[in-house]
Every structure is written in structure tokens, then in C-alpha cells.
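Step one of this worksheet: look at the structure below.
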Amino acid sequence: MKQNVIAIDGPAGAGKSTVAKMVAEKLGFVYIDTGAMYRAVTCRALAEGIELTNHAAISELAGRINVRFNRDEAGLQVLADGDDVTEAIRTPEVTAAVPLVSQVAAVRQAMVRLQQEMAATGAVVLDGRDIGSVVVPDACAKIFLTASVAERARRRWQEMKQKGYEQDLVALQQEIEQRDRQDQERELAPLIQAEDAVLLDTTGMPIEAVVSGIVTIYQTRCGHV
Ligand code: DC
């Protein structure tokens, strides 16, 4: 059992990254946003003009790209081969393309290896789709975070609006439903609730309650009460 590792999985828009960041802050842990890593590979593939159906070229990219996080007063920066891609990985273009890139085996292998290296130190919170099932199956605390599709669409709409992107709510909900299907039905590391994960449905829950709920699960499961 890996002590001091919290694995948070769940569908798009469930609030994983916001919650994981807050849990990490509360416990003095490091936050690892694994979705950002798949986004960084996608962003680089688009910038290099690689066809998203060209798995050989994407695999070659996965073998040479170096994705890292940089933490300073300004927050969490995502670096792809040293370039700051923090903003660039959040565009609708990257969001639309990332499911294609994240299902390439070589991409998953490369990212999982990096994630396992980062988690090896302990005192980490990771969020993603396959953290409890593939990346750190022996994490002492596993959470499956979800919320209704309507609520997730509303949250994503608000988040994008704050970033200056006006999106249609109905279209966003359809997009989320499609991403759920893509995440759940893909062959490699599909989104599933690990057997020993605690299911947390956050529909209508204030964020502070979600965070303190996860801290309690951590304390109970990881023997820190
Ligand atoms: O959580 P997010 O929206 O930033 O994730 C971006 C994409 O990466 C999404 O299509 C799911 C995929 N992903 C994955 O396959 N495995 C992970 N551990 C994290 C994200």
C-alpha cells in the first residue's frame, strides 16, 4: 500500500483539478494534473502539424517530448520541452483533439511512466482517469469523483467563460456526454471506478465539503487519524 498518495479519478468536468489542488494545499502535498500532460502532448502535436490519425508520428512525439510541472508563486506551470504551455493546453482545439492523442498506447506508456516517477516521492495528489486503476493502483486513498452531466456542463461553461470563451451550454453538455463515452469505451485504460475507490457524487455539494470529505477519506484510509 502506497502511503501518502491520493488518487482522484472521474469524468470530465467533475471538478477533479480544483478539488485535487485544494486537497494538496491543505495537506502540503504536491498536485499532479495528469490530464494536463496528455493535453501538452496534444498541443505539441497540433503545433507540429501532426495528423491526429497518424499514430506512428504521435508515438514518435511521445518518445521524445519532456512534460514537466514547474511550481512557483505564480502557480502551476506546464512545460513541454521547456516551453510554457499552461495556457495553450486549455483551448477548445486541444480539448477536442486530446481524446484521440490520449488513446495512443505509446503516449499512455510515456505519460504513465512520468507520472509514476513523480508519485514515487509520496505526499502527492494525482487526478485523471486511470490513476487508481493503472498509475498508482496501490494508492492508500482512491476517490472516484463525479457529478450529473448537467452540473458538469454548467461548471465547464462557467470556467470557459472566465477564460474568455463563450460556449453554448447545450453543445457543451453534448460534448461532455461524448467525452464520457470516449473515456469509458476506449480500449486502453478506460475510465472506471477502481474497486477500492470511494464514490463521491458532488452534484449540489459546496466545494469545501468535497475537499474536507476527501481529507477525511485520506485520514481514515491512510491511517492518519
Ligand atoms: O482532465 P482533462 O480534461 O484535462 O483530461 C484531458 C484528456 O486526457 C481527456 O480526454 C482524458 C485524458 N486523460 C487520460 O486519458 N488519462 C488521464 N490520467 C488523464 C486524462
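A few notes on this one:
- Counted residue by residue at 0.36 nm each, then reduced by the alpha carbon distance between them, the extension gain from Thr203 to Gln3 reaches 69.1 nm.
- Kyte-Doolittle mean at least -1.0, axial Cα span of 15 Å or more - DSSP H helices of the chain: 16-27, 34-47, 105-119, 207-221
- Remark: the Leu188-Ala57 segment gains 45.3 nm on full extension, using 0.36 nm per residue and subtracting the alpha carbon distance.
- Arg64 paired with Glu117, simple spin-label distance in nm, labels 7 Å along Cα-to-beta-carbon: 1.8
- Isolated Cys residues of the chain, judged by Cβ distance under 4.7 Å to other cysteines: Cys43
- Two-site label geometry, Glu87 and Met160: point separation in nm, points 7 Å out along Cα→Cβ: 1.9
- Listed residues Ala105, Ala56, Ala141, most fluctuating in the chain (Gaussian network, C-alpha, under 10 Å): Ala56
- Spatial separation of Cα centroids for segment 196-225 and segment 1-26, in angstrom: 10
- Each peptide in 85-92, 28-35 was scored by the mean count of other Cβ atoms within 10 Å over its residues; highest first, the order is 28-35, 85-92.
No lab work stands behind these numbers, since they all come straight from the coordinates. A quick note: this is a predicted structure, and the numbers were derived from the prediction, not measured. With ideal geometry, Cβ positions are generated from the backbone for all residues, glycine too; neighbour counts draw on all protein chains shown.
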